[in-house]
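Participant: First the structure, then my questions, so here it is.
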Amino acid sequence: MSEEEIRSECAILEKSRKNPDEFGFLYKKYFDRIFGFIYRQTDDEDVAADLTSQTFLNALKNVDKFTFRGVPVSAWFYKIASNEVNRYYRKKKSDKTFSLEEDKVRNLYEQANDDWDDETINQLLGFMAKLPAEMLEVLNLRFFEDKDFKEIAFILDITESGAKMRAYRALDSLRRNFKLKIKYDGKG
């Protein structure tokens, strides 16, 4: 996303402080992405729909608290969504679930390797399911949501170097176990 697009969306959010109807553009643009992000962490369509609605309701109610920090407005939505998912699991008193979409993992694997088969993909999915939640969260944001490390740090309330370290550790584990050649340059 270009700097101009980021500033444009921030301007829309600013306008929605006085006119909540302005918020509709951002809601329509990001609803499906936020729903998918939440769904991958709950594996329940109804829960994902409820949490997505709560995410946007919270964003609209707190639009006055938004301050530009150099990341897209969407990062703010992801941060709210992440907090909603965490609150949901705290209430349930259970561990976070990650539903890894086979087609997205397959796409990641295909980008890294010329040869693959279904058995290897299934092994990779099984291995990824055993990674700690914080590593999966970073991989999800980085590779499936296409977020840069600055956005990931903002969303998860960690440092940029912490986001890079989590991603590096997860990718290193995947490389060792599956000989993946995923490019990791540590940049944005």
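The values are calculated or read from the model by the stated rules, or taken from the named source; none is laboratory data. These numbers were taken from a predicted model, which means no experiment stands behind them. As a convention, Cβ positions derive from the backbone with ideal geometry for all residues, glycine included, and neighbour counts pool all protein chains shown.
Participant: Sort through T55, T67 and tell me the only one that's free of Cβ contacts under 8 Å to residues at least 40 places away in the same chain and either outside any helix (DSSP H, G or I) or touching a Lys or Arg at 6+ places or on another chain (Cβ under 6 Å) (or both).
Facilitator: Among T55, T67, only T67 is free of Cβ contacts under 8 Å to residues at least 40 places away in the same chain and either outside any helix (DSSP H, G or I) or touching a Lys or Arg at 6+ places or on another chain (Cβ under 6 Å) (or both).
Participant: For the structure I just gave you, tell me whether S74 is under 25 Å from N140 (Cα atoms), surrounded by fewer than 17 Cβ atoms within 10 Å (Cβ to Cβ) and not assigned by TED's automatic domain parsing to the domain that holds D148. Full working, then the answer.
Facilitator: Details: under 25 Å from N140 (Cα atoms): yes; surrounded by fewer than 17 Cβ atoms within 10 Å (Cβ to Cβ): no; not assigned by TED's automatic domain parsing to the domain that holds D148: yes.
No; evaluated as a whole, the condition is false for this residue.
Participant: In region 71-87, which residues are part of a helix (DSSP H, G or I) and under 20 Å from K28 (Cβ atoms)?
Facilitator: V73, S74, A75, W76, F77, Y78, K79, I80, A81, E84, listed by residue number.
Participant: So V138 fits all but one of (1) under 13 Å from the mean Cα position of the chain (by Cα); (2) surrounded by fewer than 16 Cβ atoms within 10 Å (Cβ to Cβ); (3) assigned to a helix (DSSP H, G or I); what number is the exception?
Facilitator: Status for V138: all satisfied but (2).
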